[in-house]
């Protein structure tokens with residue numbers, strides 16, 4: 001089963017000059033209890049200057065996709081069983097470790113959710129940033145320090161010079177996240193993957209960090225992949241959205257289209273089940289049931305046991321991710337009906 | 001006028017900060033809760049919002065009598081709960097129960113669901129005679145939407161949302177009047193979160209429960225609460241009905257907090273009034289003098305450093321606010337009905 005109708009189907013074909021492309025990626029986790037199919041054919045891309053939000057609940061495979069792109073997937077248990085990850089048209093999965101290493105940091109960088117465990121507790125924050133300049137750029141100790149202080153300044157850490165020699169635990173949560181952003185942007189990457197960058201933060205700090213990320217992205221014309229489960233954050237910053245469910249993209253659309261008229265019942269269910277601050281609602285409309293066990297994904301459409309629209313065909317045929325025009329795609333047998341309803 | 005089921009008066013909880021191992025010396029206090037007063041009426045949901053470190057979880061612990069207050073009182077139907085002990089305390093505990101945040105660590109992994117939910121009956125045998133316990137537990141499982149057949153399963157066999165349902169069933173076992181929910185849905189995915197929120201609402205309607213609903217997610221709190229209290233650094237800065245707080249907030253902190261919440265509607269991107277607070281929350285060991293929010297407040301004047309603003313109704317406002325310069329401000333871009 002292959003989904004030829006994925007992005008790029010407008011005839012431009014393979015290696016269409018995209019910055020970063022994930023193409024039909026498949027990853028499984030081989031554990032003692034069995035094989036979990038975590039990623040089952042994920043295709044998305046991001047271009048310079050744009051923000052792609054990857055939306056999904058826990059276990060949907062959004063973080064594993066990111067780890068595979070970065071080449072930090074734990075192997076074992078994780079194994080890539082198919083697909084490509086192309087950076088400037090070159091498949092990274094077949095590169096030598098040395099070639100991949102060169103892309104990391106300079107080509108693609110990543111920030112993580114939990115900044116306390118992502119930073120090394122026994123080195124100062126400044127050292128951890130300056131280290132990159134010394135190793136990758138061959139700078140002297142003092143030049144590297146100067147550049148690191150500049151980076152801390154750019155992410156608006158007050159008194160950057162004094163903060164250079166602080167350890168991560170001396171920073172507050174928001175400041176640590178800023179330091180991690182400084183670290184990931186130090187080598188001026190073309191793509192930044194932000195994996196739940198604000199989930200652990202309070203709302204007022206979250207707003208500061210999202211502002212900062214947006215600002216830095218505009219300045220540098222970076223492509224950004226924002227991985228999150230927060231439909232609010234996505235609505236604020238994303239250009240395009242890819243919704244994941246059980247290791248597949250179930251819908252891809254422009255941010256405005258997606259919120260106005262979702263083309264997949266899962267997206268619709270998600271939008272209906274969030275309490276909204278600007279509306280005092282009655283009972284929330286929920287998605288019934290639970291996400292599937294990845295060792296035992298239901299046949300046909302993985303969403304069919306929870307779907308209010310499910311028909312017999314959904315139990316038999318895996319719906320391909322079909323283009324609906326305008327950059328929209330949906331993996332639902334009834335996508336047309338969803339889009340065309342009033 | 002409905003009766004007050006819980007009244008909190010000038011509640012203070014300080015934790016000592018010590019230095020040294022053998023000769024411990026107290027070098028300061030974490031002022032986790034510092035003078036909080038409110039009441040909870042029968043059958044209502046009081047939402048408590050605030051950022052991490054504002055004292056909302058300490059408040060829950062004191063309400064549960066897991067911590068004794070440093071000063072002030074918590075009255076349950078007029079009775080000071082921190083003065084109770086022995087049998088009287090045990091009888092009170094029946095009436096106030098807790099649902100915790102993390103459904104992964106709050107359930108003992110070595111106990112079956114039946115034992116977990118049935119354990120309250122061991123402590124309060126008068127609620128359910130020994131013979132009827134399993135039936136009771138099965139009823140509870142059914143009530144919270146779990147399969148009663150799963151009574152012999154262990155917590156790891158359930159998903160996060162199902163575990164939170166187990167936690168709720170356990171809190172309901174003794175038919176309490178008040179349930180303190182400390183971030184009950186924060187650890188759950190969106191689609192599961194909605195299921196648990198609906199369950200909490202259903203149970204409230206069915207049993208006439210009163211909830212103290214503590215959360216940092218302002219949308220969740222609005223959805224469930226009748227009244228909302230906003231906390232900052234151990235103080236309550238504003239309290240009012242859900243409508244008063246969300247539609248007509250008067251405290252600058254509430255306004256900033258509300259404006260920072262991302263609204264799931266991309267068309268509001270441009271129209272949203274956004275207040276960006278600078279810096280971080282100060283340490284609760286040495287909070288700023290006067291108004292605690294003044295270090296991050298754009299309205300701060302000299303008086304804010306000198307005088308602690310009281311939580312009271314001020315001119316031009318219909319609900320209590322602890323700001324010298326409280327005034328209304330449109331924050332939540334109300335959704336246009338198309």
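The values are calculated or read from the model by the stated rules, or taken from the named source; none is laboratory data. Computed from a predicted model, the values in this text were never measured in an experiment. Every residue, glycine among them, receives a Cβ derived from its backbone with ideal geometry; neighbour counts consider all protein chains shown.
Here is a yes/no grid of residues against (1) part of a helix (DSSP H, G or I); (2) under 26 Å from residue A:218 (Cα atoms):
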position: A:93; (1), (2): yes, no
position: A:98; (1), (2): yes, no
position: A:123; (1), (2): no, no
position: A:128; (1), (2): yes, yes
position: A:134; (1), (2): yes, no
position: A:139; (1), (2): no, no
position: A:144; (1), (2): yes, yes
position: A:148; (1), (2): yes, yes
position: A:151; (1), (2): yes, yes
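Hey, can you tell me all the residues within the stretch B:269-285 that are within 12 Å of another protein chain (Cβ to nearest Cβ) and surrounded by fewer than 19 Cβ atoms within 10 Å (Cβ to Cβ)? If the condition is that a residue be within 12 Å of another protein chain (Cβ to nearest Cβ) and surrounded by fewer than 19 Cβ atoms within 10 Å (Cβ to Cβ), then B:269, B:270, B:271, B:272, B:274, B:275, B:276, B:278, B:279, B:282, B:283 are the ones that fit. Do you know which of the residues in the stretch A:155-185 that are within 13 Å of chain B (Cβ to nearest Cβ) and touching a residue at least 40 places away in the same chain (Cβ under 8 Å) is nearest to the chain's Cα centre (by Cα)? Ranking the candidates gives A:177 first. Taken residue by residue, the stretch B:100-119 has at least one member that is free of Cβ contacts under 8 Å to residues at least 12 places away in the same chain and under 24 Å from residue B:212 (Cα atoms). Does residue A:110 satisfy the condition of being part of a loop (DSSP other than H, G, I, E, B), away from chain B (no Cβ under 14 Å) and buried (at least 17 other Cβ atoms within 10 Å of the Cβ)? Judged against the criteria, residue A:110 is not a match.
Can residue A:262 be described as within 11 Å of chain B (Cβ to nearest Cβ), under 17 Å from residue A:60 (Cβ atoms), in contact (Cβ under 8 Å) with a residue 24 or more places away in the chain and part of a loop (DSSP other than H, G, I, E, B)?
Here the answer is no, as residue A:262 does not meet what is asked.
I want to confirm something. Restricting to the stretch B:201-225 and keeping residues that are assigned to a helix (DSSP H, G or I) and away from chain A (no Cβ under 11 Å), which single residue is surrounded by the fewest Cβ atoms within 10 Å (Cβ to Cβ)? The qualifying residue surrounded by the fewest Cβ atoms within 10 Å (Cβ to Cβ) is B:206.
For (1) farther than 24 Å from residue A:290 by Cα; (2) at pLDDT below 90; (3) crowded, with 18+ Cβ neighbours inside 10 Å; (4) within 26 Å of the chain's Cα centre (by Cα), each residue gets a yes or a no:
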position: B:112; (1), (2), (3), (4): no, no, no, no
position: B:117; (1), (2), (3), (4): no, no, yes, yes
position: B:123; (1), (2), (3), (4): yes, yes, no, yes
position: B:140; (1), (2), (3), (4): no, no, yes, yes
position: B:143; (1), (2), (3), (4): no, no, yes, yes
position: B:154; (1), (2), (3), (4): no, no, no, no
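Among the criteria (1) out of contact with any strand residue (DSSP E or B) (no Cβ under 8 Å at 6 or more places or on another chain); (2) in a loop (DSSP other than H, G, I, E, B); (3) over 26 Å from residue A:307 (Cα atoms), the one residue A:276 does not fulfil is (3).
Scanning the stretch A:172-188 for residues that are surrounded by fewer than 21 Cβ atoms within 10 Å (Cβ to Cβ) and over 13 Å from residue A:129 (Cα atoms) yields A:172, A:173. Checking the stated criteria, residue A:69 turns out to be in a helix (DSSP H, G or I), touching a residue at least 60 places away in the same chain (Cβ under 8 Å) and under 27 Å from residue A:168 (Cβ atoms). Within the stretch A:203-218, restricting attention to residues that are without any contact (Cβ under 8 Å) to a residue 12 or more places away in the chain and touching a helix residue (DSSP H, G or I) at 6+ places or on another chain (Cβ under 9 Å), the residue that is nearest to residue A:154 (Cα to Cα) is A:207. Just one of the numbered conditions (1) over 30 Å from residue A:157 (Cβ atoms); (2) free of Cβ contacts under 8 Å to residues at least 12 places away in the same chain; (3) more than 14 Å from chain A (Cβ to nearest Cβ) is not true of residue B:264: (3). Inside the stretch B:54-82, residues that are assigned to a helix (DSSP H, G or I) and under 11 Å from the mean Cα position of the chain (by Cα) make up a count of 7.
The rows are residues; the columns are (1) in a loop (DSSP other than H, G, I, E, B); (2) modelled with pLDDT of 85 or more; (3) at the interface with another protein chain (Cβ under 8 Å from one of its Cβ atoms); (4) within 29 Å of residue A:175 (Cβ to Cβ).
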| residue | (1), (2), (3), (4) |
| --- | --- |
| B:257 | no, yes, yes, yes |
| B:287 | yes, yes, no, yes |
| B:292 | yes, yes, no, yes |
| B:299 | yes, yes, no, yes |
| B:328 | yes, no, no, no |
| B:337 | yes, no, no, no |
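For the stretch A:236-257, filtered to residues that are outside any strand (DSSP E or B) and touching a strand residue (DSSP E or B) at 6+ places or on another chain (Cβ under 9 Å), the residue that is farthest from the other protein chains (Cβ to nearest Cβ) is A:247. The residues on offer are B:210, B:159, B:186, and the sole one that is within 26 Å of residue B:263 (Cα to Cα) and in contact with a helix residue (DSSP H, G or I) (Cβ under 9 Å, 6 or more places away or on another chain) is B:186.
Per the listing B:26, B:2, the residue uniquely modelled with pLDDT under 95 and assigned to a loop (DSSP other than H, G, I, E, B) is B:2. For the stretch B:177-187, the set of residues classified as at pLDDT below 90, surrounded by fewer than 22 Cβ atoms within 10 Å (Cβ to Cβ) and either within 11 Å of chain A (Cβ to nearest Cβ) or more than 13 Å from the chain's Cα centre (by Cα) (or both) consists of B:186, B:187, listed by residue number. Residues in the stretch B:226-245 that are surrounded by 24 or more Cβ atoms within 10 Å (Cβ to Cβ), outside any strand (DSSP E or B) and within 12 Å of chain A (Cβ to nearest Cβ): B:245 only. Restricted to the stretch B:299-321, and to residues there that are in contact with a helix residue (DSSP H, G or I) (Cβ under 9 Å, 6 or more places away or on another chain) and under 18 Å from residue B:242 (Cα atoms), the residue that is surrounded by the most Cβ atoms within 10 Å (Cβ to Cβ) is B:321. From the list B:164, B:157, the lone residue that is within 14 Å of chain A (Cβ to nearest Cβ) and in contact with a strand residue (DSSP E or B) (Cβ under 8 Å, 6 or more places away or on another chain) is B:164.
Each residue in the stretch A:219-235 was checked for being surrounded by fewer than 22 Cβ atoms within 10 Å (Cβ to Cβ) and either at the interface with another protein chain (Cβ under 7 Å from one of its Cβ atoms) or free of Cβ contacts under 8 Å to residues at least 60 places away in the same chain (or both), and 5 pass. Looking only at the stretch A:283-340, residues that are more than 14 Å from chain B (Cβ to nearest Cβ), without any contact (Cβ under 8 Å) to a residue 24 or more places away in the chain, part of a loop (DSSP other than H, G, I, E, B) and over 24 Å from residue A:43 (Cα atoms) come to 2 in all. For residue B:145, the conditions (1) touching a helix residue (DSSP H, G or I) at 6+ places or on another chain (Cβ under 9 Å); (2) in a helix (DSSP H, G or I) are fulfilled apart from (2).
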